[in-house]
Amino acid sequence: MSRSIRETWCDLREKLRGYPATAFWVCLIGVTLENMDQAFFSFVLPQISRELGWTLKERGWYIALTFVIAGLCISALGSLTDRVGRKTVFGASMLIGSLFVTAMYWANSTLSVVALRTLGFATGGVQSPVVGTIVVEETPARYRGLMSGILQIGYPIGWFLASQFVLLMTDRWGWRSVFFVALLSVPYMFVIQRYLRETGAFLQAKAAAERGEGAAARGRFAELFAPGMRYRSIILFLGEYFHVFAYGSTILLTAYFQEFRSFSMRDAVSLVGWSYAVGALGYILAAIVGEFFISRRSTCILWAWLGSAAFFVMIWWARDYWTTVLFYCLMTIFFYGTTAVKFTFIAENFPARLRATGVTFSGSLAVNLGIATGPLALSYAVSYFDGDWNKAYTLCGILPIFVSGAFFLLMPKVPLGIEEDRAAGIGL
């Protein structure tokens, strides 16, 4: 180990000692549990579709409706986070979101499935911008990108854990039984209350708002479109939207493997779950590269485009199971791993008083709209191409990534290691 790496590691340990490390682990475990809960729906979606008799297009519309409504709700809850506090919303989300997921065990109609999925994702999905905001605000500036990037591994780890519960429980008790696992997340709200505290940035912004100082007392969303903020809010929104549009289409990969590639349910779930587990390495690597070697913007674009290349090879060239596993793992390492950079890149472009609101709009709202329209567009593309999922995925899963990169190229580079509010002033 070189001296510079050793010094960096020692400095990282020293600056994260105590509460910053505690906050990080509380957030990571919480968001992992939340992603596990939300992943159950995607893993059993083919079974839900068959039981309720959904056509391919109907399934696309139900997914779109779910995420559009949930995205709007998450935006409102994200704004609430800048008013009542990160800790309060985090704890409430853990409890309420988990209960809605559990209730899906009893859903036996299209209306009940769509309603509970929407409510569960809206109340649970708000965790992502909340915990990301907490880590950004509690971590020293030099390591802000690294730690908020590593935080994103909660997503692939959550999906991996969900896949293992599906494989363990489905043959024994049926696919509906997996929704009961969400009850394991409920007690975690007490961990949040015990070990987490409100961030200093939130308390300062709240005090400023109570004093009525300038924009701190005005509506948060309106300020996102004020002169000086409008450009970055819109560009970041579009860059995130097109990236997640491509990701949204991959929600149906479990169905793709079963319905187009003729894999068994166990093989499809195992393939997706283990690929997510391996993909967690890409999140960590992206966070390290974006923190210490090249700009987060450049890392974001590079990772996305490498992932799209692996995606292309997976659908057009890989034919046997293990070759598919290999290139799916590469796709998750790069394409999905981009998330480890994107969150920090978006978050550091907003000042503290607007950070959760900005991340919720340019991040979570764009994410949920992308997740909604991606599967819907894919469903219509599959029908248009007479059932050829490969052509549909080329149009809906690969091309949008390059459009996303073009938008991120329009953003100014943010020097590494500076304070969040200084970063938010660059390019204004």
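Just so you know, all these numbers are worked out from the coordinates, no wet-lab data involved. Model, not experiment: these values are computed from the prediction. Positions of Cβ are generated from backbone atoms using ideal geometry, with glycine treated the same way; all protein chains shown enter the neighbour counts.
Tabulated data
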| quantity | calculated |
| --- | --- |
| Candidates G273, G370, G18: whichever shows maximal mean-square fluctuation once the chain is modelled as a Gaussian network with Cα springs under 10 Å | G18 |
| The chain, relative contact order in percent, only Cα pairs under 8 angstrom and at least six apart counted | 25 percent |
| Alpha-carbon centroid distance for the pair segment 242-315 / segment 41-102, whole angstrom | 21 Å |
| D267 paired with N390, simple spin-label distance in nm, labels 7 Å along Cα-to-beta-carbon | 1.7 nm |
| Debye, to nearest 20: dipole size of the chain, +1 on Lys, Arg Cβ, -1 on Asp, Glu Cβ | 540 debye |
| Pairs of Cα atoms farther than 30 Å apart, the chain, % | 38 percent |
| Cα-based shape type of segment 181-329, given that a ≥ b ≥ c are square roots of the gyration tensor eigenvalues and the cut on a/c is 1.5 | prolate |
| Whole-number Å³ per residue for the convex hull built on Cα positions in segment 123-212 | 120 Å³ |
| Cα-Cα separations in segment 1-109 greater than 17 Å, expressed as whole percent | 70 percent |
| Spherically averaged projected area in nm², based on the convex hull that wraps the Cα atoms of segment 69-183 | 7.9 nm² |
| Gaussian network model of the chain, springs between alpha carbon atoms under 10 Å - residue of R144, R59, R13 with greatest fluctuation | R13 |
| Virtual paramagnetic centre 7 Å along Cα→Cβ of L167, amide N under 18 Å, in segment 291-331 | 321-330 |
| Listed residues I153, I69, I398, most fluctuating in the chain (Gaussian network, C-alpha, under 10 Å) | I69 |
| Potential extension, Q204-T323 segment - 0.36 nm per residue separation minus Cα distance | 37.6 nm |
| Qualifying chymotrypsin sites (Phe, Trp or Tyr not before Pro) for segment 280-358 [loop in DSSP, other Cβ within 10 Å: at most 12] | F293, W317 |
| Nitroxide proxy distance, nm - points 7 Å out along Cα→Cβ at I288 and E58 | 4.9 nm |
| Cα Rg, Dmax (largest Cα-Cα span) when computed across segment 22-85, Å | 15.9, 47 |
